[in-house]
1. Any idea what Rg and Dmax come out to for the chain if you just take the C-alpha atoms, in Å?
2. Taking the Cα atoms of region 472-570 alone, what are Rg (to one decimal) and Dmax (as a whole number) in Å?
3. With contacts defined as alpha carbon pairs under 8 Å and 6 or more residues apart, what's the relative contact order of the chain in percent?
4. If you count, for each residue, the other Cβ atoms within 10 Å and average over each peptide, how do 542-549, 361-368 line up from highest to lowest?
5. Points 7 angstrom from Cα along the Cβ direction at residue 36 and residue 82: gap in nanometres?
6. Can you quote the Å³ per residue value for the convex hull of the Cα atoms in region 176-267, rounded to an integer?
7. Got a sec? How would 521, 459 order by Cβ neighbour count within 10 Å, fewest to most?
8. Among DSSP bridges having both ends in region 472-570, what percentage is antiparallel? Round to the nearest 5.
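Read-outs throughout are calculated quantities, based only on the coordinates presented, and are distinct from any laboratory measurement. Not measured: the values here are computed from a predicted model. As a convention, Cβ positions derive from the backbone with ideal geometry for all residues, glycine included, and neighbour counts pool all protein chains shown.
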């Protein structure tokens, strides 16, 4: 591609409203242009990268035996009513009406549509298993779109759905997709990790997320020092303390804490370690008012809490409900002498504590020296309801937990019969009996991968694309091409040879562009290789080569350079 025939619009200044590195660099490199919150135009440069990611995803899905189709982005309300998600999906579901006042949504996902397709197309177990996939634009009306295409409202996604006659068959395809995803992210040249995850709004049983490892990642990933187990912090199990609960050694004492409402403030006032305090969270669940207790330095895990018996649809208690049941305002509440009967759920760590500090259920006071059995009844339920902490023991003798940041770019689910049951998707088995199908679901954020790759691969000068998804493999940069016929001819010849070798080549044939600006553009947009053609180099029969990730130039012979460069690129592109 000749740069004079291509649209490239780079800028030096970092956009003021860009939150993360990928958003900053994509805007500076001219890859995307914002037209509304969370909605972007992909320029020719950005689209080249997006299409390369898409091609690798498509190749590996085809290789894994999945069949590509294309479903409509606009979906009728009736399908979503069948699964109950028209109301449950929440504000992210963009709802619209046509001229006949019929209701539709702009698809954020396609479980309903594909299940409808399957129940009308699949009749016999002999047609199973089958896996359908598409690469299509989705829309989710994020309440706070941010981070550029990382959390956009409109995005490109690969979503696949498999259908099976039984659980064993579903699990085999789940493993097949897990392996296909591993190949995809390996070919993309990304450092990634697959972690056990919660199925979330999609539902189902088994679930794994694929995360690109990056310090800017929104998700915390926990992994063990022994073995290879990893999980999203939402799912990682916090082991129960190994040591038995110590016997009480302090007397119960109410202490004045007139303005101290947090555990940190109370610990500082009393001169105690934060680990001696207990946080109290008041929620309303199926069984009524519940007080959830975690240690002062720990954080409640909302996903784990929702799995506690009786708390599946819990909500935070209002101030009025807190006052009614505990007789005190938030900031001073605890399990001691509630005004009304409550349920107490204690984290495993709290259940093993003694001589701890809690709110006194009296405004301006906390109580220290609190002990289970002596001062208050044993908790109604002990459960793992907190996030794991770096360095603490992992369960099952797997060493200790470490925490890293990740950007979720893929997710695989075992849906089971969740959607097939509610929508009546059945086939006849070998005995002619109707059987509800089992399903799997497998998603990849194609446009998010582009941003995640930049978050993981950049430096002070710009983007460092992995070879497989770079917009161009190599840039030919002629110095003074408009003034030197010799340089022009050599650059044109090299451009032709590299193109004939099968590489994506960018020839910077712009007139009047200084070498510094030429180099800065190439480094900003992240082309992995560059070759400089100059009068001085040609005098010596050489060109100046530099890898984008290298710190110094190398002089290479003009003769045979194209063949050498093609081989160098292909070493990074092999599937």
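1. 29.5, 94
2. Using the Cα atoms of region 472-570, the pair Rg, Dmax is 12.2, 34 Å.
3. Numbers: 1216 pairs, mean separation 96.8, N = 575.
About 17 percent, as a whole number.
4. 361-368, 542-549
5. Computed distance between label sites residue 36 and residue 82 equals 3.0 nm.
6. Dividing the Cα hull volume of region 176-267 by its residue count gives 226 Å³.
7. Values: 521 22, 459 11.
With the sparsest Cβ surroundings first, the list reads 459, 521.
8. Working: 8 of 16 bridges.
If we restrict to bridges inside region 472-570, about 50 percent are antiparallel.
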